[in-house]
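Working notes, beginning with the structure itself.
The values are calculated or read from the model by the stated rules, or taken from the named source; none is laboratory data. Note that the structure is a prediction, hence the values are computed from the model and not measured. Positions of Cβ are backbone-derived with ideal geometry, glycine not excepted, and every protein chain shown enters the neighbour counts.
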Amino acid sequence: PLRVLVNDVYTEWNKGITLRCRVVQGVVQVGEKIVVLPVGDEGTVSKIEHGSGTSGNRHKYAMAGDSTEIVLLGVDIARVSIGNIISHPHWELRPPLKRNVKAKIMVMDQLSVPIIRGAQVLLHMHSVDVPTTISKLVSSVNPKKKNSSKERPRVLTGGTSAILEMTFART
């Protein structure tokens, strides 16, 4: 599935909106219909611009790993923001969206308030911040103490690493 991460959004007069972005997965081509997630607005790719060292037909497509600028038509700039995902308009070709994720984290030593189940935190990913709730503490390890692994701990304190589950609010 196509997955393009938006890093910047701007407009130039009579050109459409330009997205400075990174293609994480798949290939996007000029003339292709796309959808902006999570808002669901559809548009058309009118132009793809790479750096100055690009030659040949590379101005017609961008593929996984490319950092590029994509010009879109038919999308309102007020509805696109940093952190949005560009994908195929057909739902079966979109990357799957999840409400729950499992993550391994490192808790900083300077933590003054312990982390507990139900705590509301902010997840920082690429160029977006997402509010989330810690729904389950799976396990924790304190690297300073040998054999200090705990299954289903009640709290996480500074200096530990842990596996936990997070739940995102519906958008």
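Scanning segment 6-29 for residues that are of a type in the set (S, T, N, Q) and either touching a Lys or Arg at 6+ places or on another chain (Cβ under 9 Å) or crowded, with 19+ Cβ neighbours inside 10 Å (or both) yields 7, 18, 25, 29.
Taking the criterion of being among the hydrophobic types (A, V, I, L, M, F, W, C) and either assigned to a strand (DSSP E or B) or in contact with a Phe, Trp or Tyr (Cβ under 7 Å, 6 or more places away or on another chain) (or both), the residues of segment 71-92 that qualify are 71, 72, 73, 85, 86. Of all residues being of a type in the set (D, E, K, R) and touching a residue at least 40 places away in the same chain (Cβ under 8 Å) in segment 130-171, which is surrounded by the fewest Cβ atoms within 10 Å (Cβ to Cβ)? Just the residue, please. Among those residues, the one meeting the criterion is 170. Looking across 113, 121, one residue alone is among the hydrophobic types (A, V, I, L, M, F, W, C), loosely packed, with under 11 Cβ neighbours inside 10 Å and not assigned by TED's automatic domain parsing to the domain that holds residue 30. It is 113.
For residue 104, the conditions (1) touching a Ser or Thr at 6+ places or on another chain (Cβ under 9 Å); (2) surrounded by 12 or more Cβ atoms within 10 Å (Cβ to Cβ) are fulfilled apart from (2).
Every condition in (1) under 24 Å from residue 166 (Cα atoms); (2) among the charged types (D, E, K, R); (3) outside any loop (DSSP other than H, G, I, E, B) is met by residue 22 except one, and the failing one is (1).
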